[in-house]
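What follows draws every value from the coordinates through simple rules; no lab data is involved. Keep in mind the model is a prediction, meaning the values are calculated, not measured. Cβ coordinates were reconstructed from backbone atoms using ideal geometry, including for glycine residues, and neighbour counts include every protein chain displayed.
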Ligand code: CS2
Ligand code: MG
């Protein structure tokens, strides 16, 4: 079997997605997510101009060799664009291999390690009361785990709070600027989780995304303040370029820490894992080199009793979600999977076998990862430039969004 052709499909059903389709000379094809929110065309070009020409004629079953070729052979290793491109190739090749084997992808990874994949939903509101209501709605729907984000008194346009039905941080046109105040945030967040625990008790798993906005000592302060409310995790408490910074957080709080949605290789989290500075690794298939590399990250994490908690926002396409659920069903040190429901247009372009029931998801039993792309329909949604926001402090200092 040889790789006969490959194409990059850029489509925007509700938001921009980039999908790689690899077709073999037997007519079997596989698809992979290559979406990098706000930098979609960079990955599309990397695939079209620098990867696809090197794939034609190769044996699609040689997933590992192709991964090593694209990683080491590029000379310029790592980075979000390169690793999203490699991830798309990797995911598409695993899709092909599973289709040829006639098996759902998780069977090729080692079979299922659990009955279903526990997922968490995103509840958000403009204030505590609205957020309480949203959390209640997800509890009603059967979710065992809910992320809670709320507007902050005195600030408008805070991260994680939807303006419409679906939360989408990327906005059309050039990046929008929002104002951030750590002081207002730090005073407010504990009141949100106190209200949630008073209303819903200690049973629901509650999660919160700090989204890289605090300094290490501020993150330690927040973790300490949240301890009475027993969060499942506090996510991205501080930017993780300096992995050692998390030692300071660990010295002050037992609130579990989750990091990694922006990581693209094992090197981004080696210290965090080896020094047990985190409890969940959030790296995702689409941003961290696909199944082949995420397995390596998960296996390193397992040595330190760190569990997976992969990113699953709406800017990761259903192709990534489908493949991630196969990974999650298999991976022994699974923690939780993020699941932000895509909008109906997205689901229509990406028909899929995965399903939700009672707080858990299952990837389905069809051969491959169980997600397809309707190219005809995809063509009806042309790319629409959109960027993630930029944050500034109240004095205008550029800050972490
Ligand atoms: C967030 C994301 O889901 C999350 O945890 O951090 O919404 C993130 O802001 C987006 O994926 C960025 O594109
Ligand atoms: Mg996050």
Per GNM of the chain with C-alpha springs under 10 angstrom, the most fluctuating residue out of 144, 72, 224 is 72
Just to be sure I understand: with springs between alpha-carbon atoms less than 10 Å apart, which residue in 100, 257, 349 has the highest mean-square fluctuation in the Gaussian network model of the chain? 100
With a ≥ b ≥ c from the Cα gyration tensor eigenvalues, square-rooted, and the rule rounded for a/c under 1.5, otherwise prolate when a/b > b/c and oblate otherwise, the range 3-104 is oblate
What fraction of the DSSP beta bridges in the chain is antiparallel, stated in percent and rounded to the nearest 5? 45 percent
Helix 80-101 sits off the longest principal axis of the Cα atoms of the chain, rounded to the nearest 10 on a 0 to 90 degree scale, by 60 degrees
Could you work out how far the C-alpha centroid of the range 88-126 sits from that of the range 362-376, in angstrom? 10 Å
Quickly rank 156-165, 190-199, 363-372, 118-127 as a protection proxy: mean count of other C-beta atoms within 10 Å, highest first. 363-372, 118-127, 190-199, 156-165
Quick one: angle between helix 290-303 and the longest Cα principal axis of the chain, in degrees between 0 and 90, rounded to 10, please. 50 degrees
Calculate how many DSSP beta bridges within the range 269-401 are antiparallel, expressed in % of all such bridges and rounded to the nearest 5. 65 percent
Return one number: the angle in degrees, 0 to 90 and rounded to the nearest 10, between the long axis of the Cα atoms of helix 128-140 and the longest principal axis of the Cα atoms of the chain. 50 degrees
May I have the pair-distance distribution P(r) for the range 252-401, computed from all Cα-Cα distances with 10 Å bins from 0 and rounded to whole percent? 10, 34, 31, 19, 5, 0
Rounded, prolate or oblate: which fits the range 108-365, taking a ≥ b ≥ c as square roots of the Cα gyration tensor eigenvalues, rounded meaning a/c under 1.5, else prolate when a/b beats b/c? rounded
Checking 242, 48, 16 against a Gaussian network model of the chain (alpha-carbon springs below 10 Å), the top fluctuating residue turns out to be 242
To the nearest 500 deg cm²/dmol, what mean residue ellipticity at 222 nm is calculated for the chain from DSSP H runs of n ≥ 4 alone, each contributing -39,500 (n - 2.57), summed and divided by the residues? -10000 deg cm²/dmol
Rounded, prolate or oblate: which one fits the range 80-216, using the alpha carbon gyration tensor with axes a ≥ b ≥ c (rounded when a/c is under 1.5, else prolate when a/b beats b/c, else oblate)? oblate
Given the C-alpha centroids of the range 1-71 and the range 277-344, what is the distance between them in whole angstrom? 20 Å
